[in-house]
Amino acid sequence: MIITEFLANNKILKFIVKFCIKLILSIFKYFSSLLIKNETNNILVISLHKIGDTIFTIPSIKYLYETHKENLIVYCFENNKILYQIFINKGIKLITVKNKNLLFNRFVRKADLFEVKNNSYKLVYDLTGSITSVAVLSIIKSKFKYGFTDEYFYKAYHKYLFKKEQAPLYKMYFDVIKLKDKNADINFYYNKLQIKPQNIKIVINPYAGWKAKEWDFDNFINLYNKLSINYEVNFILDKYSTNDLDIEKLNKQKIKYLLSDSLEDLINKLSRFTLYIGNDSGPMHIASYLGLSTFTIYGPTNPDFHQPIGQNHQFINNIEICSPKSDEKMCKKYGGQIGCNKFICITNLSFDAVYLKLLSFIAWLNKNE
């Protein structure tokens, strides 16, 4: 991200870098199709995402699985394989990469490339669209390579879409599929499950993928204290990454909480509840896919891109001058990950504003039981 900004301000260097990358990728693309020795019907999907974006790829991969069945192979992070097995099919073929095994946090290591590299494919769909997936794509033997990309990497593909953020993200990934199958219709493949709660059982997750997206932990404790007067409420926390000081706060106030020790365990525990409250995060999208109603607190990311599909979902966000514009996935500080220290979009969101909107949403859910 920093390198992209640097190159944008150095036109000559940018031209040289783009020319070299395009030349290298063109050569790799040409020879990758020549190296196929036997006819193959294998279809590969490269989906190297965190939890949230993995959920957004499910309609696309569900379509491909129903179309190609045993010929479809998905290349994904090891932690996310359970999502495809539960939400698509237990028998779906997967080749996995260890999440924490990326070189410089960008490149798949040689040990995790062996299986995918030694197969041949009729067609590859890149649903990642990053330097991580392009590096993988360039060494894969395939007749055709489809994906979405930017001005640096488009020569890696036979057919491509230039990255243009689209809301919701389900559509952005599905448009890659439509490069090959123009008549494919996403409306048949995204999850429409919405459980109408007979009684409200609330689960609160106070964390997110990074700090800029997290509303203050103490605010969630206050929500718990108020809501638990009338409803069953639990926190849910990751056993291996939860802050010890936060656990101490919960224990001190005798707040009920659950610890999940895997993604499968998280799914099982979330399924006990009917309403999920938390920040924009992967677990929120899992909850929505399980049919739970969700109330989401957004900060530096744009709700139009990330909110779940359906009626039983509500959100709140605080608009600041630095907030993402209508056509942006996140703010210009990469969602607060680079060059933002105050996180005012989330810290300026008052407890009263969140609580009042949440109560209104719960009243609506109760009315529509």
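Taken together, the values in this text are just the output of simple stated rules run on the coordinates, not laboratory data. All of these numbers come straight from a predicted model, not from anything done at the bench. Every residue, glycine among them, receives a Cβ derived from its backbone with ideal geometry; neighbour counts consider all protein chains shown.
Just a few scattered comments:
- Computed over the alpha carbons of segment 129-173, Rg followed by Dmax gives 10.8, 33 Å.
- Secondary structure note: in segment 2-188, about 10% of the DSSP beta bridges are antiparallel.
- Projected-area mean, the chain, by convex hull of Cα positions, square nanometres: 19.2 nm²
- Selection from PRO168, LEU290, LEU35 lying farthest towards where the dipole of the chain points positive, charges on Cβ: LEU35
- Surrounding net charge for ILE255, when Lys and Arg each add one and Asp and Glu each subtract one, Cβ distance under 13 Å: +1
- Cα-based Rg / Dmax (Å) for segment 210-310: 13.4, 38
- Reachable lysines from LYS90, criterion Cα separation under 23 angstrom, eight or more residues apart if same chain: LYS50, LYS62, LYS69, LYS81, LYS98, LYS192, LYS269
- Of the trypsin sites (Lys or Arg not before Pro) found in segment 211-240, those that fall in a DSSP loop while having at most 12 other beta-carbon atoms within 10 Å are LYS239.
- The slack between ASP352 and ILE229, meaning 0.36 nm per residue of separation minus the straight C-alpha distance, is 42.6 nm.
- Rg followed by Dmax, in Å, when segment 287-360 is reduced to its Cα trace: 13.0, 37
- Segment 2-188: translational diffusion in µm²/s, Stokes-Einstein, Kirkwood Rh over Cα pairs, 25 °C, 0.890 mPa s: 145 µm²/s
- With a cut-off of 13 Å between beta carbons, the residues surrounding TYR240 carry a summed charge of -2, where Lys and Arg count +1 and Asp and Glu -1.
- Gain on full extension, evaluated as 0.36 nm per residue between SER241 and LYS332 minus their Cα-Cα distance, stands at 30.0 nm.
- Per DSSP, loop chymotrypsin sites (Phe, Trp or Tyr not before Pro) in segment 173-255 with at most 12 further Cβ within 10 Å: TYR240
- Model label zone, GLU70; criterion: amide N under 16 Å from point 7 Å along Cα-to-beta-carbon; scope segment 9-45: 40-43
- Subset of LYS226/LYS249; LYS93/LYS117; LYS159/LYS329; LYS29/LYS159; LYS110/LYS180 violating a 19 Å alpha-carbon distance limit: LYS159/LYS329; LYS110/LYS180
- With distances taken between every two different alpha-carbon atoms, segment 116-201 has a Kirkwood hydrodynamic radius of 14.7 Å.
- For segment 22-79 and segment 122-139, distance of Cα centres in Å: 7 Å
- Among GLU66, GLU248, GLU264, residue whose mean-square fluctuation peaks in a GNM of the chain (springs only between Cα atoms under 10 Å): GLU248
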